[in-house]
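The values are calculated or read from the model by the stated rules, or taken from the named source; none is laboratory data. Just so we're clear, the structure is a prediction, and the values are computed from it rather than from any experiment. Note: ideal-geometry Cβ built from the backbone for every residue, glycine included; neighbour counts use all protein chains shown.
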Amino acid sequence: MSAEAEAEAKRTAPAEKPPAKGASPGQKSGLQSGQKAGSKPGQKPGQKPGQKPGQKARKIPMRQCLGCNQHKPKAELLRVVRTPEGETVLDFTGKKSGRGAYICRDVACLRRVRKSHRLERSLDCTISDAVYDRMEAELSGQEEHP
Ligand SMILES: [Zn+2]
């Protein structure tokens, strides 16, 4: 009994498909013409208000490393800040307030500025050996754990 019902269901299922297939083209063409008309206004060129015609390529702020004199993108360099308290610290966030100078994230460049005293001249302060030692330690620590 149940097998017969199943067979009947199988028979009815494929039988339903052909009529649906035949009916869809007529319905589709009606939908397509409606969609085409609706999509046209959205394709208008130059509709975006945020884009100015004279748009320039994004400017990357460049800074000079005091150690090797190379100009590099600010984000690649390490900021050294003389804080309002007179401390000289490495500013890994680039957001500390105070007078800043830039060097590569490279201990070699830090040692170079230490020798040449360019950092002290740039920041207009004296930097003690202890401060340099701490900066070197911080910088080498950063290199080990990027
Ligand atoms: Zn450098």
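General remarks:
- Residue count for segment 81-122 satisfying the condition of being more than 16 Å from the ligand (Cβ to nearest atom) and either touching a residue at least 60 places away in the same chain (Cβ under 8 Å) or hydroxyl-bearing (Ser, Thr, Tyr) (or both): 4.
- Matching residues in segment 66-80 - criterion: being of a type in the set (A, V, I, L, M) and near the ligand (Cβ under 10 Å from one of its atoms): Leu66, Leu77, Leu78
- Near pairs, Cβ below 7 angstrom, 6+ apart or cross-chain, from segment 123-146 (at pLDDT 95 or above) to any residue that is of a type in the set (Gly, Ala, Ser): Leu123/Ala101
- Segments classed as helices (runs of 4 or more DSSP H), wholly inside segment 72-146, with at least 2 members that are charged (D, E, K, R) and exposed (fewer than 12 other Cβ atoms within 10 Å of the Cβ): 129-144
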